[in-house]
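Engineer: Let me begin by handing over the structure; questions about it come next.
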Amino acid sequence: MQFNPTIIDHFTNPRNAGEIADASGVGTVGHPVCGDIVRLYIKVDKKGADEVISQVKFKTFGCTAAIATSSVATEMIKGKTIADALAIKDEDVAKALGGLPAIKMHCSVLAHDAIQAAVADYRKNTGKTDLADKVQKENQAHEEKELLARKK
Ligand code: FES
């Protein structure tokens with residue numbers, strides 16, 4: 001499979017790999033078909049009215065693209081507000097890597113879902129469960145869509 005130099009760079013030199021012991025939120029998502037797993041840790045600090053992601057780390061057990069998308073996703077949300085992180089789409093993650101092979105587009109969905117799950121966990125830890133249900137449903141919908149696509 002042909003990966004562009006940006007993907008190879010993030011795979012061979014992943015940014016923000018590791019974990020945060022006292023994370024504000026942790027999101028773990030897995031792909032139902034390939035079995036890859038992404039775990040994203042975020043540390044959130046209040047800056048005035050804003051909630052800012054001051055630290056982010058990831059642990060990914062998966063393919064080249066899963067590691068590269070996790071890595072670039074951490075760069076995309078580090079220093080950003082929670083609102084900005086939630087606005088990131090899976091296409092944005094793929095674009096930040098200069099594109100992904102079609103068969104690997106689902107890896108960017110996994111990175112996106114991990115961001116959403118980590119933020120939902122943070123919100124839950126601060127007493128707001130609204131997002132948790134929404135994110136869980138969306139992630140489930142992604143999984144079902146993948147399973148159906150593979151059955152065709
Ligand atoms: S092959 Fe499934 S996440 Fe990459």
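Engineer: Could you list all residues from region 34-52 that are closer than 25 Å to HIS142 by Cα and either surrounded by 13 or more Cβ atoms within 10 Å (Cβ to Cβ) or away from the ligand (no atom under 16 Å from the Cβ) (or both)?
Structural biologist: Across region 34-52, the qualifying residues are CYS34, ASP36, ILE37, VAL38, ARG39, LEU40, TYR41, ILE42.
Engineer: Looking only at region 115-143, which residues are over 16 Å from GLU51 (Cβ atoms), aliphatic (A, V, I, L, M) and out of contact with any helix residue (DSSP H, G or I) (no Cβ under 8 Å at 6 or more places or on another chain)?
Structural biologist: Within region 115-143, ALA141 is the sole residue that qualifies.
Engineer: For region 93-106, check the following and say yes or no: at least one residue is crowded, with 16+ Cβ neighbours inside 10 Å and in contact with a strand residue (DSSP E or B) (Cβ under 7 Å, 6 or more places away or on another chain).
Structural biologist: no
Engineer: Does ILE8 satisfy being more than 12 Å from the ligand (Cβ to nearest atom), exposed (fewer than 14 other Cβ atoms within 10 Å of the Cβ) and among the β-branched types (Val, Ile, Thr)?
Structural biologist: Spelling it out, ILE8 is indeed more than 12 Å from the ligand (Cβ to nearest atom), exposed (fewer than 14 other Cβ atoms within 10 Å of the Cβ) and among the β-branched types (Val, Ile, Thr).
Engineer: Would you mind stating whether ALA83 is within 20 Å of GLN136 (Cα to Cα), more than 14 Å from the ligand (Cβ to nearest atom) and over 14 Å from the mean Cα position of the chain (by Cα)? Full working, then the answer.
Structural biologist: On the way: within 20 Å of GLN136 (Cα to Cα): yes; more than 14 Å from the ligand (Cβ to nearest atom): yes; over 14 Å from the mean Cα position of the chain (by Cα): yes.
So ALA83 passes the test.
Engineer: Any residue that is among the hydrophobic types (A, V, I, L, M, F, W, C) and away from the ligand (no atom under 13 Å from the Cβ) - is there at least one of those in region 97-112?
Structural biologist: no
Engineer: Just a yes or no: is a residue in region 68-78 surrounded by fewer than 18 Cβ atoms within 10 Å (Cβ to Cβ), more than 21 Å from VAL135 (Cα to Cα) and in contact (Cβ under 8 Å) with a residue 12 or more places away in the chain?
Structural biologist: Checked against the condition, which is being surrounded by fewer than 18 Cβ atoms within 10 Å (Cβ to Cβ), more than 21 Å from VAL135 (Cα to Cα) and in contact (Cβ under 8 Å) with a residue 12 or more places away in the chain, region 68-78 yields at least one hit.
For (1) in a helix (DSSP H, G or I); (2) aliphatic (A, V, I, L, M), each residue gets a yes or a no:
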{"site": "PHE11", "(1), (2)": "yes, no"}
{"site": "ARG15", "(1), (2)": "no, no"}
{"site": "GLU19", "(1), (2)": "no, no"}
{"site": "VAL29", "(1), (2)": "no, yes"}
{"site": "VAL33", "(1), (2)": "no, yes"}
{"site": "VAL38", "(1), (2)": "no, yes"}
{"site": "TYR41", "(1), (2)": "no, no"}
{"site": "THR60", "(1), (2)": "no, no"}
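Engineer: Going by the structure shown, is SER71 of a type outside the set (Lys, Arg), part of a helix (DSSP H, G or I), at pLDDT 95 or above and within 22 Å of ALA21 (Cβ to Cβ)?
Structural biologist: Judged against the criteria, SER71 is a match.
The values are calculated or read from the model by the stated rules, or taken from the named source; none is laboratory data. It should be emphasised that the depicted structure is a prediction, and the values quoted were computed from it without experimental measurement. Every residue, glycine as well, gets a Cβ built from its backbone with ideal geometry; the counts of neighbours run over all protein chains shown.
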